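The values are calculated or read from the model by the stated rules, or taken from the named source; none is laboratory data. These numbers come from a predicted model, not from an experiment. Glycine also receives a Cβ, built like all others from the backbone with ideal geometry; neighbour counts cover every protein chain displayed.
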Amino acid sequence: MSSVGKGIVVSSICLLLKKHGYRVVPIKCENNLNIDFGTINPIEHGDPFLCEDGLEADVDLGNYERFLNENMGKENFITMGQIYKSVIDRERSMGYNGEDVEAIPHVCDEIIKRIKDSSKKKNAEIVVIELGGTAGEYQNALYYEASRIMALKEDVLHIHVSYVPIPPHIGEPKTKPTQLSFRHLMSMGIQPHIIVTRSESDIDDRRKYKLALTCNIDPKDVFSNPNVETIYKVPLILHKQGLDKRILEKLGLPKKKINLRDWDNLVKKITSKKSKKVKISIVGKYFGTGNYSMADSYFALIEAIKHSCWKLGVDSMLNFVNSDKDEGNIEELIEGSDGVIVPIGWGSRGVEGKIKAVKFCRENKIPYLGLCYGMQLACVEFARDVIGWKNSNTVEVDPNTNYPVIHAIPFNKKYQVIKGNGASMRLGGCDCILKKNSLLYEIYNRHNSFKDKEKSIVSERHRHRFEFNNKYRQDFERHGLVFSGMSPDGFFVEMIELPKSKHPFFIGTQGHPEYKSTPLKPHPIFLEFIEICEKNQKKTNN
């Protein structure tokens with residue numbers, strides 16, 4: 001089923017095979033007809049993961065990056081929309097020499113071509129492909145058919161990740177759902193070689209034997225992947241059972257003893273008891289889905305916070321504040337926070353709630369981190385409440401404002417890409433020159449995180465449409481706001497801050513540091529933010 005944990009299994013397999021010394025490339029195949037995930041509401045499919053090359057992808061590519069500590073991009077992500085578009089574009093250009101273009105073989109051929117092209121570009125020895133969705137769905141049938149075709153000519157190993165429920169009123173694992181999904185695969189001509197069972201707890205040898213018997217595989221090829229305290233423990237669990245060695249055996253590839261000490265130390269840090277705790281409020285609007293609340297809309301941000309907390313030996317208590325529904329009592333909901341983050345967002349809904357949060361943090365000297373829209377709205381709040389331009393705004397919210405401190409710029413292919421209907425965006429990694437003696441310069445310098453220290457250049461990933469209006473830059477500087485990061489040509493405001501003499505930590509960044517944080521290498525901005533939150537807590541308590 002969806003969200004059962006295929007992405008974590010793929011990430012873990014890739015990590016283990018990489019530790020064996022192989023060049024491994026993960027690829028996520030999505031069923032939907034979107035070209036990328038940039039146009040999908042985060043509540044629908046979670047936080048679109050932003051890659052260095054500008055791709056807006058599924059959250060699983062973020063897991064691939066965090067486990068492998070490697071950049072993912074367009075070669076690691078396939079959607080059915082991309083496939084159909086390529087096939088139709090080729091047909092319109094007479095690329096099929098007058099053939100009757102069909103789903104089979106032409107769509108399947110395009111899928112296989114994409115996988116092989118990615119393998120060549122990445123110089124891969126092993127490609128690990130994650131097929132999205134659920135076995136038996138009509139949407140992913142063509143991926144499964146492509147997989148069956150590949151297995152006729154290539155060295156292909158099929159691994160089935162399946163949920164094994166343990167109904168509480170029975171108290172034992174039920175293997176029938178896996179048997180049924182296995183039958184679906186068999187009916188499509190696919191005989192899985194390995195089963196990875198997902199469940200609330202370990203699957204015992206008796207159930208492994210039963211699954212092996214009913215699915216006609218060796219009991220040694222059934223592996224247990226139970227719920228754990230942290231997803232980063234999964235590679236250790238699968239390695240302990242020998243999944244990586246079994247994969248290499250079946251592929252006829254050499255295996256060796258691998259060193260997972262760094263990963264083992266990470267898990268120990270994550271699961272160890274912490275003596276300190278910080279309360280971080282995230283003020284956003286993508287939390288609600290029907291009668292339920294979800295945090296996947298800000299998955300990369302939450303992970304980045306956790307990475308820094310683990311590194312610093314601090315426990316995090318996250319307080320999710322809905323800037324739309326809770327606009328009337330934002331101050332009350334964030335009062336007592338050790339730090340506040342206003343993350344990415346789009347449109348006018350919930351904006352005034354976010355601006356209230358910015359004002360409360362600035363006036364009460366609560367550590368504040370504004371990401372993308374959070375930086376833009378910090379500028380709007382500053383214009384209104386410090387400079388005195390009461391009706392200032394971003395043109396995204398009010399196109400007729402007298403003070404458009406955040407505005408749209410004309411399209412320039414040097415800076416932006418067209419997303420559709422004339423909507424232009426800056427996407428992917430962008431360089432930024434930091435102002436010496438600024439807090440942000442100190443942060444990147446302290447953690448040796450410059451792209452080019454001699455030129456004071458750092459790089460962060462961008463995903464936005466609107467920019468700070470340079471017309472007002474001098475007015476802001478005159479009233480004390482520091483433009484600590486600018487694009488190399490001086491055209492874009494990339495980072496802002498308040499001087500430490502006025503505020504302990506008030507930073508906004510147009511880029512997205514959360515997408516570059518990994519558990520073994522937390523992003524310096526988040527490390528410093530969590531550290532100041534912990535210090536702020538001590539001052540408050542004293």
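Brief remarks follow.
- Any hit, segment 192-200, residues being exposed (fewer than 14 other Cβ atoms within 10 Å of the Cβ) and over 19 Å from K6 (Cβ atoms): no
- Within segment 110-139, the set of residues being part of a loop (DSSP other than H, G, I, E, B) and either within 15 Å of P26 (Cα to Cα) or in contact with an Asp or Glu (Cβ under 9 Å, 6 or more places away or on another chain) (or both) comprises K122, N123, A124, E125, G132, G133.
- For segment 503-521, the criterion of being without any contact (Cβ under 8 Å) to a residue 40 or more places away in the chain and either under 24 Å from the mean Cα position of the chain (by Cα) or within 25 Å of N536 (Cβ to Cβ) (or both) is satisfied by no residue at all.
- Only residues that are under 26 Å from the mean Cα position of the chain (by Cα) and more than 20 Å from V128 (Cβ to Cβ) were counted across segment 209-264, and they come to 8.
- Residue satisfying condition, being farther than 30 Å from A357 by Cβ, buried (at least 21 other Cβ atoms within 10 Å of the Cβ) and not assigned by TED's automatic domain parsing to the domain that holds E534, within set I237, I203, I217: I203
- The number of residues in segment 336-364 being in contact with a helix residue (DSSP H, G or I) (Cβ under 6 Å, 6 or more places away or on another chain) and in contact (Cβ under 8 Å) with a residue 40 or more places away in the chain comes to 10.
- Condition check for E494: assigned by TED's automatic domain parsing to the domain that holds N412, assigned to a helix (DSSP H, G or I) and farther than 19 Å from P522 by Cα: no
- Which numbered condition T39 fails, given (1) part of a helix (DSSP H, G or I); (2) within 21 Å of N421 (Cα to Cα); (3) of a type in the set (S, T, Y): (1)
- Of all residues making up segment 361-383, the number that are of a type in the set (A, V, I, L, M, F, W, C), more than 17 Å from I532 (Cβ to Cβ) and part of a helix (DSSP H, G or I): 6
- Whichever residue in segment 421-464 is assigned to a helix (DSSP H, G or I) and aliphatic (A, V, I, L, M) and, among such residues, is surrounded by the most Cβ atoms within 10 Å (Cβ to Cβ): L440
- Test: residue in segment 18-28 that is modelled with pLDDT under 95, under 16 Å from the mean Cα position of the chain (by Cα) and outside any helix (DSSP H, G or I): no
- For the residues K471, K500, K535, the requirement of being assigned to a loop (DSSP other than H, G, I, E, B) and out of contact with any strand residue (DSSP E or B) (no Cβ under 6 Å at 6 or more places or on another chain) singles out K500.
- When the residues of segment 465-485 are filtered to those that are charged (D, E, K, R) and in contact (Cβ under 8 Å) with a residue 12 or more places away in the chain, the one that is surrounded by the most Cβ atoms within 10 Å (Cβ to Cβ) is E467.
- Scanning segment 402-422 for residues that are closer than 30 Å to G388 by Cα and of a type outside the set (S, T, N, Q) returns Y403, P404, V405, I406, H407, A408, I409, P410.
- Sole residue being surrounded by fewer than 24 Cβ atoms within 10 Å (Cβ to Cβ), modelled with pLDDT under 95 and over 21 Å from the mean Cα position of the chain (by Cα), chosen from N322, N329: N329
- Positions within segment 24-60 being in contact with an Asp or Glu (Cβ under 9 Å, 6 or more places away or on another chain), more than 21 Å from K516 (Cα to Cα), surrounded by fewer than 22 Cβ atoms within 10 Å (Cβ to Cβ) and not β-branched (V, I, T), in sequence order: N31
- Among the numbered conditions (1) under 22 Å from the mean Cα position of the chain (by Cα); (2) closer than 19 Å to V380 by Cβ, the only one that L527 does not meet is (2).
- In the set Q416, Q376, only one residue is under 21 Å from I341 (Cβ atoms) and out of contact with any His (no Cβ under 7 Å at 6 or more places or on another chain); that residue is Q376.
- Any hit, segment 391-399, residues being among the polar types (S, T, N, Q) and in contact (Cβ under 8 Å) with a residue 60 or more places away in the chain: yes
- I104 farther than 17 Å from G132 by Cα, part of a helix (DSSP H, G or I), touching a Ser or Thr at 6+ places or on another chain (Cβ under 6 Å) and among the β-branched types (V, I, T): no
- Residue, surrounded by the most Cβ atoms within 10 Å (Cβ to Cβ), within segment 65-123, restricted to residues that are over 27 Å from L15 (Cα atoms) and of a type in the set (V, I, T): I83
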